[in-house]
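A quick write-up on the structure given underneath.
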Amino acid sequence: MDYREEPGVVLTVQAGRATVRLNRRDPAACGSCCVCAGAGAGPTTHEVGSAVDGVDLVPGERVILSVPAVNAYFVMALVFALPMAMFVVGVLVGHAFESGDEFGGTSVLSGIAGFLLAYGVAWFVNRRVRRSAPVGVRRAPQGEESCSHAAPEA
């Protein structure tokens, strides 16, 4: 899996977890790639382990997070196309169990069931991706604050 590196600042450290604020740059200001445009600009927070190389992080410390870069087209298909397709399939399957040519309650209910099933699949896939690709953290060298995304593989 590809990773992109994001600069951040440790906000709090509690019970072995550190909360880090990522300072995403304005996509127009970065100019090096289009990763920020898909992720959006502005600060976000992530929770990470509170130690780097056996030394605890402290609030205010600058760090670099290695965040998994997920294909935007895959995410769009998973969140938008799959539920729409499953809704249509559910309606058609429900219509097969109805008598007559009109769509009725069974079609609507099976369409909604297909839609909800698709979102269940999306939730499960999101959970698997998050567990298989953890966020990495390292201390930032002095003066490093630029956007440094991993180059996409050819």
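The values are calculated or read from the model by the stated rules, or taken from the named source; none is laboratory data. Values in this document were obtained by computation on a predicted structure and should not be read as measured data. Positions of Cβ are generated from backbone atoms using ideal geometry, with glycine treated the same way; all protein chains shown enter the neighbour counts.
Just a few scattered comments:
Rundown of residues vs (1) basic (Lys, Arg); (2) closer than 14 Å to Val137 by Cβ; (3) at pLDDT 55 or above; (4) not assigned by TED's automatic domain parsing to the domain that holds Arg139, yes/no style:
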site: Asn23; (1), (2), (3), (4): no, no, yes, no
site: Pro27; (1), (2), (3), (4): no, no, no, no
site: Cys33; (1), (2), (3), (4): no, no, no, no
site: Gly38; (1), (2), (3), (4): no, no, no, no
site: Gly42; (1), (2), (3), (4): no, no, yes, no
site: Asp53; (1), (2), (3), (4): no, yes, yes, no
site: Asp56; (1), (2), (3), (4): no, yes, yes, no
site: Arg62; (1), (2), (3), (4): yes, yes, yes, no
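- Some residue of the range 85-98 being modelled with pLDDT of 75 or more and out of contact with any Gly (no Cβ under 9 Å at 6 or more places or on another chain): yes
- Selection status of Arg138, exposed (fewer than 11 other Cβ atoms within 10 Å of the Cβ) and not in a loop (DSSP other than H, G, I, E, B): no
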